[in-house]
Amino acid sequence: MNIEEYNYDLPPHLIAQTPLKNRSDSKLLVMDKKSGKLKEDVFKNIIDYLNPEDILVLNDTKVIPARLIGEKTDTHAVIELLLLKNIEGDTWECLSRPQKRLHVGTIISFGNGELKAEVTEKKDEGIVIVKLLYEGILMEILERLGTMPLPPYIHEKLSDQSRYQTVYAKNIGSAAAPTAGLHFTKELLEQIKAKGVTLVYVTLHVGLGTFRPVEVTDITKHHMHSEYYVLTKEAADTLNNAKGKIYAVGTTSTRVLETVRHKYDKFMPCSGNTDIFIYPGFEFKAIDGLITNFHLPKSTLLMLVSALSTKENILNAYDYAIKHNFKFFSFGDAMFIK
């Protein structure tokens with residue numbers, strides 16, 4: 001369980017910097033999770049691998065313009081906040097930079113004071129708790145002052161902010177997009193439904209847990225930050241009555257389904273926070289397969305997909321993808337592990 005076992009070398013030019021003009025034109029690498037056998041295709045043909053009565057589970061979270069650049073009201077030092085999680089009311093958990101300039105009581109001003117954040121608590125790893133101070137509707141203010149929190153490996157400016165949202169995004173609350181879903185168009189989803197595949201929506205607000213790097217050598221010592229999820233009664237009933245296979249779109253949908261099945265041994269309508277960490281040795285109880293992107297070296301997401309197949313199969317697939325010019329990470333190409 002050494003972290004280095006989940007490392008691989010990726011040429012920088014294979015990190016997708018911008019989304020494709022047409023979402024479903026991405027490449028698709030289909031992998032048999034047992035044998036590791038690979039097949040190359042195009043994402044719009046995902047419909048060919050789905051059967052009537054199968055269920056496709058999608059995360060309908062919506063990314064907020066969570067990245068804010070402001071300044072301290074006393075020294076005017078520039079501060080960056082990334083809103084991670086709404087704790088209660090106007091109290092938020094944030095990732096701050098540079099945290100060393102912040103203290104309890106510090107006030108950060110954004111947009112000529114239209115929005116202010118008062119630090120109420122400092123934690124480890126750059127985390128601060130703040131109380132937001134403003135007049136009006138917060139989401140409207142964030143639309144004006146905030147930007148999409150693109151990952152640090154994306155250096156291009158995103159001209160169309162909606163391209164970092166899935167076409168079915170609905171429930172506001174994420175600090176990052178559930179990127180496996182970025183490949184779907186509304187037309188493709190309609191075609192999938194017309195084939196007899198049922199679409200089920202769950203919510204997991206993506207926060208620090210999904211993209212925080214593993215900083216321990218023994219991965220079993222890594223602790224995931226918790227993220228808020230919702231599974232509705234309608235979704236639970238549909239999943240419990242599944243006649244075909246259950247395929248999760250993205251690691252976030254997977255974490256919701258496995259959290260609930262492991263807690264209740266069936267799908268139950270519920271909501272709460274999950275810090276489930278899925279790595280090889282994990283017993284999957286909820287899903288039969290997974291549509292996902294290509295993940296960062298040494299990441300918890302790479303460990304999750306390895307758990308669904310094997311580490312050897314996944315790293316072999318990644319090696320194939322590199323040799324065949326697949327694009328990696330958020331705006332990159334897709335895998336279907338089935």
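The values are calculated or read from the model by the stated rules, or taken from the named source; none is laboratory data. Note that the structure is predicted; figures quoted are calculated from it, not measured. Glycine gets a Cβ as well: all are built from the backbone with ideal geometry, and neighbour counts include every protein chain shown.
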Q | Residue satisfying all of: in the range 257-287; in contact (Cβ under 8 Å) with a residue 40 or more places away in the chain and of a type in the set (Phe, Trp, Tyr); farthest from Ala236 (Cα to Cα) among these | A | Tyr279
Q) Would you say His155 is more than 14 Å from the chain's Cα centre (by Cα) and touching a residue at least 12 places away in the same chain (Cβ under 8 Å)? A) yes
Q. How do the pairs read when you match residues in the range 243-256 that are under 18 Å from Phe43 (Cα atoms) with residues anywhere that are small (Gly, Ala, Ser), using Cβ under 7 Å and keeping only pairs 6 or more apart or on different chains?
A. Tyr247/Gly289; Val249/Ala180; Val249/Gly181; Gly250/Ala180; Gly250/Gly181
Q) Thr292 fails exactly one of the following numbered conditions: (1) in contact with a helix residue (DSSP H, G or I) (Cβ under 8 Å, 6 or more places away or on another chain); (2) farther than 25 Å from Phe331 by Cα. What is the number of that condition? A) (2)
Q: Just need a number here: residues in the range 146-156 that are out of contact with any helix residue (DSSP H, G or I) (no Cβ under 7 Å at 6 or more places or on another chain), under 22 Å from Leu115 (Cβ atoms) and not hydroxyl-bearing (Ser, Thr, Tyr).
A: 2
Q. Does the range 60-73 contain any residue that is in a helix (DSSP H, G or I), in contact with a Pro (Cβ under 9 Å, 6 or more places away or on another chain), touching a residue at least 12 places away in the same chain (Cβ under 8 Å) and not basic (Lys, Arg)?
A. no
(Q) Out of the residues in the range 258-281 meeting the condition of being within 24 Å of Phe329 (Cα to Cα) and in contact with a helix residue (DSSP H, G or I) (Cβ under 6 Å, 6 or more places away or on another chain), tell me which one is surrounded by the most Cβ atoms within 10 Å (Cβ to Cβ). (A) Ile278
(Q) Is it the case, given these coordinates, that Leu56 is assigned by TED's automatic domain parsing to the domain that holds Ser174, farther than 21 Å from Leu158 by Cβ and within 17 Å of the chain's Cα centre (by Cα)? (A) yes
Q. Name the strands (runs of 3 or more DSSP E) wholly within the range 169-256 that hold at least 2 residues that are of a type in the set (Gly, Ala, Ser) and surrounded by 15 or more Cβ atoms within 10 Å (Cβ to Cβ)?
A. 171-174
Q.
Given (1) out of contact with any Gly (no Cβ under 9 Å at 6 or more places or on another chain); (2) outside any loop (DSSP other than H, G, I, E, B); (3) within 22 Å of Ala177 (Cβ to Cβ), identify the lone condition not met by Tyr320.
A. (3)
**Q.** Count of the range 99-131 residues which are farther than 19 Å from Ala175 by Cβ and not in a strand (DSSP E or B)
**A.** 10
Q: Look at the range 188-215 and say how many of its residues are closer than 25 Å to Pro52 by Cβ, out of contact with any Phe, Trp or Tyr (no Cβ under 9 Å at 6 or more places or on another chain), touching a residue at least 12 places away in the same chain (Cβ under 8 Å) and not β-branched (Val, Ile, Thr).
A: 3
